[in-house]
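Rule-based calculations on the coordinates, nothing more; no lab input. Bear in mind the structure is a predicted one, so any value in this text is a computation, not a measurement. Here the Cβ is made from the backbone with ideal geometry for all residues, glycine too, and neighbour counts use every protein chain on show.
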Amino acid sequence: EKDIAEHGIRVSILVNKEQDTILDGRNRWMIAHELGLKEDEIPLQVFKGTDKEATAEIVSRNLFRRHLSDDQRVMIAAKLLGKKIEETAASDRAYGSEKSGDRGSAAERLAKAAGTTRHKAEGALSVAKHTPQLAKKVIAGKTPLKAARKVAAKKAGKKSKAGRPALTFEQQVERKWLK
């Protein structure tokens, strides 16, 4: 608030095409109005993408700007983008990976988006899918992703004999191929 009072808003507030919804910058908007800034003193940027692309843009703008742990960051990305990433990866596998510029499994794509490891991304996808209530606790920093992943694996009923989560078909093929 003090910085905005002294220097104004430096980063534009992102709004949708109709300019009736703030996509990024809600806190800056509220502070600007509390300080009595005029409309021409509040920089707006109109998002030109589709509504479906808006979620990815919001995640992109916020994930690395906040003070989040790797667990929190990848869990947020999995919760917001996981389903879309999984659908795109499946579609690419079905159509020979020529449909999308991104390559790799859903976990690899999520890891890249969240700036973390494939292992953490796999865990986040599993937690988001099988135990959404635990996903909220991971995001809040109350539960480590590793612990939530174990619960999600049990709930999914996919435990191997060694007590580890079973490998996906893709992982099994990759292991055999690497041997």
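At 0.890 mPa s and 25 °C, plugging the Kirkwood radius over alpha-carbon pairs of the range 1-125 into Stokes-Einstein gives what diffusion coefficient in µm²/s?
In µm²/s, the coefficient is 150.
Is there a quick way to get the dipole size of the chain? I mean about its Cα centre, with the Cβ of Lys and Arg at +1 and of Asp and Glu at -1; what is the value in debye to the nearest 20?
Using Cβ point charges on Lys, Arg, Asp and Glu, the chain gives about 1740 debye.
Within the chain, which complete DSSP H helices have Cα atoms spanning at least 20 Å along the helix axis and a mean Kyte-Doolittle hydropathy of -0.5 or higher?
The answer, listed by residue number, is 70-94.
If packing is taken as the mean number of other Cβ atoms within 10 Å per residue, what is the order of 125-137, 141-153, 9-21, highest first?
The peptides rank, most packed first, as 125-137, 141-153, 9-21.
Return a whole-number percent for the relative contact order of the range 3-64, with Cα pairs under 8 Å and 6 or more residues apart as the contact set.
The normalised contact order for the range 3-64 reaches 37 percent.
Here are some pairs, K137/K176; K112/K155; K52/K112; K120/K176; K2/K112; K146/K176; which of them have Cα atoms lying more than 30 Å apart in this structure?
Going by Cα-Cα distance, K137/K176; K2/K112 fall outside the 30 Å limit.
If each of E87 and K112 carries a label point 7 Å out from its Cα toward its Cβ, how far apart are those two points in nm?
Roughly 2.0 nm, to one decimal.
Normalising by the residue count of the chain, find the relative contact order in percent from Cα pairs under 8 Å and 6+ residues apart.
Reported as a whole number, the value is 15 percent.
Show me 108-120, 31-43 ranked by packing, highest mean number of other Cβ atoms within 10 Å first.
The densest-packed peptide leads the list: 108-120, 31-43.
In nm, to one decimal, how far is the D20 label point from the R61 one, both placed 7 Å along Cα→Cβ?
1.9
Quick check on the range 1-69: take the gyration tensor over C-alpha atoms, sort the square-rooted eigenvalues as a ≥ b ≥ c, and tell me if it's rounded (a/c under 1.5), prolate or oblate.
Here the range 1-69 falls in the oblate category.
Any idea how far apart E34 and K2 come out in nm if each label point goes 7 Å out from Cα toward Cβ?
Rounded to a tenth, the inter-label distance reads 1.4 nm.
May I ask for the longest run of the chain untouched by chymotrypsin sites (Phe, Trp or Tyr not before Pro) that are loop-located per DSSP and have at most 12 neighbouring C-beta atoms (other than their own) within 10 Å?
96-179
Using only the Cα atoms of the range 21-61, construct the convex hull and provide its projected area averaged over every direction, in square nanometres to one decimal.
Mean orientational projected area (the range 21-61, Cα hull): 3.1 nm².
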